[in-house]
1. Loop-only GluC sites (Glu not before Pro) in segment A:259-336, please: DSSP not H, G, I, E or B, and at most 13 other Cβ atoms within 10 Å.
2. B:Asp19: accessible area at probe 1.4 Å, nearest 10 Å²?
3. Rounded, prolate or oblate: which one fits segment A:257-305, using the alpha carbon gyration tensor with axes a ≥ b ≥ c (rounded when a/c is under 1.5, else prolate when a/b beats b/c, else oblate)?
4. Which trypsin sites (Lys or Arg not before Pro) in segment A:399-468 pass both tests, a DSSP loop state and at most 16 other beta-carbon atoms within 10 Å?
5. Using Cα atoms only, what is the angle between the long axis of helix A:205-230 and the major principal axis of chain A, expressed in degrees (0 to 90) to the nearest 10?
6. Could you work out the relative contact order of segment A:386-495, using alpha carbon pairs under 8 angstrom and six or more residues apart, expressed as a whole percent?
7. Nearest 10 degrees, 0 to 90: what angle lies between the long axis of helix A:147-158 and the longest principal axis of chain A (Cα atoms)?
8. Where does helix A:455-467 land angle-wise versus the long Cα axis of chain A, in degrees 0 to 90, nearest 10?
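The values are calculated or read from the model by the stated rules, or taken from the named source; none is laboratory data. A quick note: this is a predicted structure, and the numbers were derived from the prediction, not measured. As a convention, Cβ positions derive from the backbone with ideal geometry for all residues, glycine included, and neighbour counts pool all protein chains shown. The accessibility values were calculated without ligands, DNA or RNA, using every heavy atom of the protein model including side chains. Shrake-Rupley method; radii C 1.70, N 1.55, O 1.52, S 1.80 Å.
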Amino acid sequence: MTLIQHETSDDTARFRRPPSEVMRLARMGSFHPSRLSFLRVMLRRLRDEGWTFDRPVWEVDDKGVGHGVYRAKGPERTYSLVAFAHDLPPEMRSDRVIATAWDATFALFDGDPTAEDIARLGRNVPYQEAGRITPSELTLARANRSVRLFDHVVAALSSGRQPDAAEIEAVGYLMRTTAVYGSGKFGACDRADIAERPELSAPFQVEMLTVWLIRAFTVDIVEHIAAARGGKRAAKLDPAMRRTLGVGNSTGLGMAPFLVRHPILLNNWMIAREEALARVRAQAGSRPEAVAGLRQALGHALANAEVWHSEHPVQKRKLHDLRHDLGLISARLDDWDLGAVRPWDALWRWGDRTLTCEGQEALLSLMLEPHGDLVDDLAECMGADEAARFRLDGAMPVGKLREILENEYDWALAIDFDTPENVARFWYVSEEKLEPRLGERATEDGATLEQPLCIARLMSELYTTVRNHDAGAPVAELLLSHPEHRFSVRRAQIARDHPFAEVRDNLIAADMLPIDLLRCKLAFFGASQFDPRSDRWVRINLFAGAPFPEEIASEIEA
Amino acid sequence: MTTVPHDQTRGDSTAFFRDLQPAPLSRNEVASLCTKAARGAGMSWGMAEEAGFAAAWLVSHGVDGPGYLSAHLEQADGMAWSELCPTPTPGKWRNADGRTLCPIILGATICDHADLPQGAAAGRRIEFGPVGMPILLVPFLAYLAQARGLAIALSWPGGMARIGAGGTELSAAAALLGCKTLDLTLDAEPAAPGRPSAAPIPNAHTAAETIAILNAFAMRTTVPASEASRAGAGSALGDND
């Protein structure tokens with residue numbers, strides 16, 4: 001219970017948005033990072049708990065080849081990023097068939113690695129998919145240089161100059177990760193075995209720690225190579241310029257199904273975010289420092305919107321909307337009646353009437369920003385024990401299941417799946433890459449191997465079966481005669497008490513944009529500069545503007 | 001296996017497994033691979049998830065679940081639901097055609113019926129008749145024992161295995177139940193709520209041949225790439241900018 005909650009007599013429930021409003025692709029595809037984003041959650045914990053960082057190992061030659069260890073020490077445990085730096089000829093950068101075809105490879109080790117551990121990782125990590133790691137490792141990752149910026153920075157620093165700020169701004173990172181594997185992939189530690197640790201209970205904390213330490217490595221390696229080349233005259237990156245650098249990432253369709261495959265997790269992320277907004281709206285008054293904090297956050301958002309570029313037509317329109325809406329918010333703050341009852345709610349209601357989805361969701365992030373004391377504890381509710389809800393309630397009467405479908409899936413039952421444009425696509429896994437793709441049903445083969453990702457249609461089919469079944473019979477009996485519905489029944493029973501579990505749109509519709517799913521997930525990660533290169537893959541930047549390990553202790557706001 | 005630029009987070013890492021010696025997989029790898037393999041062998045997606053659950057549970061209890069599941073899938077491949085499922089009636093759950101029951105379907109159905117009159121409650125006996133690869137039934141019974149406070153005994157002509165809430169008897173049960181088929185009868189008695197064993201057990205090891213069999217089943221769920229899909233999934237550009 002925080003101070004602000006004591007001052008607020010209203011329950012937050014009536015300030016919460018319903019799932020029917022929130023769980024739409026158009027809105028989820030307009031999400032912005034917020035202080036509940038996972039990288040922010042991690043940085044706050046590192047700062048608040050006084051974590052310390054060092055680089056106990058750095059064995060890198062003049063060509064920039066070798067390895068280093070980045071260590072993060074917390075109150076109870078230590079985590080170490082073991083980084084391998086490679087010398088990759090340019091022609092291999094676009095060909096991932098051959099092992100060691102990355103500029104750098106990484107594993108996050110659980111504890112302090114011994115020389116034997118590092119040697120073992122050296123025999124596996126550089127080979128990525130062709131190697132294996134163990135439960136002592138939490139992640140496996142790799143990154144390639146942004147050759148253009150990397151070379152520019154090496155050239156500048158080695159001759160004693162700072163790099164061109166415009167070049168830095170145009171790219172935003174020295175390296176981009178092309179995969180960060182966690183959750184037991186390639187033999188790594190299972191998520192369930194570490195989920196109870198307080199520092200890892202929020203989602204994707206090991207992945208975020210990995211990328212944040214990779215960011216430190218990208219600067220170290222560029223300075224190391226510049227020093228080897230320039231000798232005494234070589235410069236180090238100016239800290240202010242360094243701070244603007246993040247880690248790039250390119251992400252494709254592979255990430256899109258995640259939100260659909262993890263309904264309880266999605267529910268918990270969404271509820272935390274919506275409850276945070278409701279708590280801010282429910283405040284009876286406003287504190288001057290919160291109002292000042294909002295203005296400051298708006299200043300950052302305006303600056304970010306200026307440097308945020310994309311060539312993709314959809315994103316260009318959204319960026320236009322965003323810039324326009326941020327201008328409207330800026331003007332509104334000048335007339336904002338702080339003496340009115342519940343001024344934050346009044347501001348939200350104004351935005352709801354006035355702004356596009358882009359602007360509304362940006363306003364949400366802005367309103368949370370100065371209210372850490374009110375909302376930060378919600379980060380603790382964003383994890384999920386999905387295994388605990390794996391078992392079905394077989395005794396549930398079929399009539400009750402029908403009721404759940406009519407209440408929680410009314411949006412799905414309203415879709416006419418006999419219309420070609422409503423079944424235009426199908427999700428499948430490609431034989432070639434074992435990753436999810438989206439096909440055109442009318443023109444491509446493979447629809448018989450459709451993945452169960454169009455929840456709306458699956459529920460619609462289940463409803464047809466349920467309507468023709470004895471309402472008093474138990475679900476267990478229904479499943480003996482209709483085993484094909486087991487997946488949907490499990491899901492519907494979850495949705496009964498997880499109102500934000502489902503993306504309430506048709507994921508196989510002709511006009512569905514997969515990048516909306518990516519944007520939602522990446523905003524929860526805390527990614528900025530979302531830049532779609534098509535309707536199916538994007539480039540983003542992680543940790544741009546965030547503190548570096550040696551800076552975090554002195555941060556006021558994380 | 002080919003990879004191209006902007007290749008992102010893979011669903012499966014076991015496809016790359018090349019170790020000559022059996023090696024431990026993570027539970028996530030086991031669940032993911034076995035779910036897809038079971039689907040490829042003809043189970044519905046929801047039942048395939050049960051197969052993934054069972055194999056991962058066994059691995060985390062030191063038993064090579066993927067090995068038993070791959071053997072079961074090879075045996076049950078292509079069979080119809082009606083040839084594999086039980087018909088639950090009070091005291092008797094045999095297959096309607098007298099065939100050998102699928103242990104995954106049987107286990108999931110036992111859990112579904114836990115609170116129903118035909119279900120495995122305290123003081124009840126149920127005859128299953130022949131059950132294939134009976135070790136795969138154990139994860140479901142262990143769940144039930146823990147969730148409902150039961151001590152479960154599985155008996156067959158000439159033998160018996162106990163599955164308690166704590167799962168401590170598992171290694172003994174595994175040795176007895178790790179065979180192709182048994183004619184099983186279940187007896188459930190009330191028991192004090194059990195505690196999971198305190199000491200973590202290292203994950204069981206799985207052989208590359210097993211993984212290859214499961215991958216072959218899993219590949220049946222995939223679609224050969226077309227030029228259209230390749231073009232849309234990621235960038236066709238190099239990664240040198």
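1. A:Glu311
2. Ignoring ligands and nucleic acids, B:Asp19 comes out at about 60 Å².
3. Numbers: a/c = 5.67, a/b = 1.64, b/c = 3.45.
Taking the square roots of the gyration eigenvalues as a ≥ b ≥ c, segment A:257-305 is oblate.
4. A:Arg441
5. Roughly 20 degrees, rounded to the nearest 10.
6. On the way: 122 pairs, mean separation 46.6, N = 110.
Computed over segment A:386-495, the figure is 42 percent.
7. Relative to chain A, helix A:147-158 is tipped by roughly 30 degrees.
8. Its long axis makes an angle of about 20 degrees.
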